[in-house]
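Engineer: Below is the structure I would like to discuss, written out as structure tokens.
The values are calculated or read from the model by the stated rules, or taken from the named source; none is laboratory data. None of these values were measured; they are calculated from a predicted model. Glycine gets a Cβ as well: all are built from the backbone with ideal geometry, and neighbour counts include every protein chain shown.
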Amino acid sequence: MRPRRLRETAKRALRIPAILRRRAPVALAERGGWRRLFLETSRYVSAGICLSSPAARRYCVGHGLEIGGAAHNPFDLESINVDVTDSLETVFKREELALCGSAMPVDLVAPGDDLPVPDESQDFVVSSHVLEHFPNPAKALLEWDRVVKPGGTIFMIVPHRDRTWEAGLPRTTLEHLVRDYDADSRGPRGEPMGHNHVWVTQDIVELIEWMKKRFGLHWEILEVQDTDDKVGNGFAVAIRKLAPR
């Protein structure tokens with residue numbers, strides 16, 4: 001099973017210097033060391049060693065789905081990898097191959113916002129640098145809510161505008177996201193890498209609060225990290241589904 005292989009990768013992370021352990025992304029962020037962080041993480045990614053996310057391990061317990069998993073960014077959870085394609089010819093899989101020499105196997109080929117799994121069948125849904133690719137993020141989050149059991153978790157890491165190449169671009173507003181949902185937006189695709197939206201942390205918190213009111217979602221925000229504890233160029237949000245809507 002793939003999770004066992006990921007555990008072996010995680011064990012190798014013990015050899016990472018202290019600068020990249022013990023919530024290192026947060027420490028580097030506080031010192032403005034983003035360029036150094038990127039260089040250091042790239043070095044270890046190329047060696048097949050990646051940082052884990054303590055928060056993801058804390059909240060994503062049991063068996064679940066990872067949306068758009070990548071070999072250079074593993075979570076080491078009991079999950080199956082869902083992707084819209086299992087082709088190795090996409091820009092994302094080519095990036096994986098360049099960084100790691102291999103790509104994470106796709107266990108279930110399906111759109112991340114239209115999952116062929118039963119209602120309330122998963123303990124968690126986890127994703128990293130994925131939500132911004134959906135033309136209709138609210139629809140994706142509703143689908144993740146559908147498949148998660150009461151008491152389960154949606155955990156997502158999202159790129160932070162000011163800590164990526166998107167710095168300086170206009171943020172996607174809540175009004176824009178509401179229009180996307182009401183129009184059942186399915187495109188057009190954004191820039192060549194497929195980013196359709198640009199956010200900072202508070203934007204997703206606002207989206208979550210709007211969705212709770214609009215759709216009667218019984219969600220509790222468990223934790224918000226303005227700097228995610230995995231690589232550090234994004235922010236993280238953990239949501240618990242308390243009950244069906």
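Engineer: Please determine whether any residue of segment 181-192 is farther than 19 Å from SER128 by Cβ, in contact with a His (Cβ under 6 Å, 6 or more places away or on another chain) and modelled with pLDDT of 95 or more.
Structural biologist: Within segment 181-192, not a single residue is farther than 19 Å from SER128 by Cβ, in contact with a His (Cβ under 6 Å, 6 or more places away or on another chain) and modelled with pLDDT of 95 or more.
Every residue, every condition in (1) among the hydrophobic types (A, V, I, L, M, F, W, C); (2) touching a Phe, Trp or Tyr at 6+ places or on another chain (Cβ under 9 Å); (3) touching a residue at least 60 places away in the same chain (Cβ under 8 Å), yes or no:
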residue: VAL82; (1), (2), (3): yes, no, no
residue: SER127; (1), (2), (3): no, yes, yes
residue: VAL130; (1), (2), (3): yes, no, yes
residue: LYS139; (1), (2), (3): no, yes, no
residue: PRO159; (1), (2), (3): no, yes, yes
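Engineer: Within the bounds of segment 153-161, is there any residue that is at pLDDT below 95 and assigned to a helix (DSSP H, G or I)?
Structural biologist: yes
Engineer: Of all the residues that make up segment 94-145, how many are more than 25 Å from HIS218 (Cβ to Cβ) and part of a helix (DSSP H, G or I)?
Structural biologist: Result for segment 94-145: 9.
Engineer: When residues of segment 65-93 are filtered for being crowded, with 19+ Cβ neighbours inside 10 Å and part of a loop (DSSP other than H, G, I, E, B), how many remain?
Structural biologist: Number of matching residues: 10.
Engineer: Something else now. Under 6 Å between Cβ atoms, at least 6 apart or on separate chains: pull out the pairs that start in segment 203-229 with a residue that is closer than 22 Å to SER128 by Cβ and modelled with pLDDT under 95 and end on any residue that is assigned to a helix (DSSP H, G or I) and hydrophobic (A, V, I, L, M, F, W, C).
Structural biologist: These pairs meet every condition: THR227/VAL26; THR227/ALA29; ASP229/ALA55.
Engineer: Sticking with this structure for a sec: Within segment 201-234, take every residue that is under 24 Å from ARG179 (Cα atoms) and within 14 Å of the chain's Cα centre (by Cα) and give me the one that is surrounded by the most Cβ atoms within 10 Å (Cβ to Cβ).
Structural biologist: ILE204
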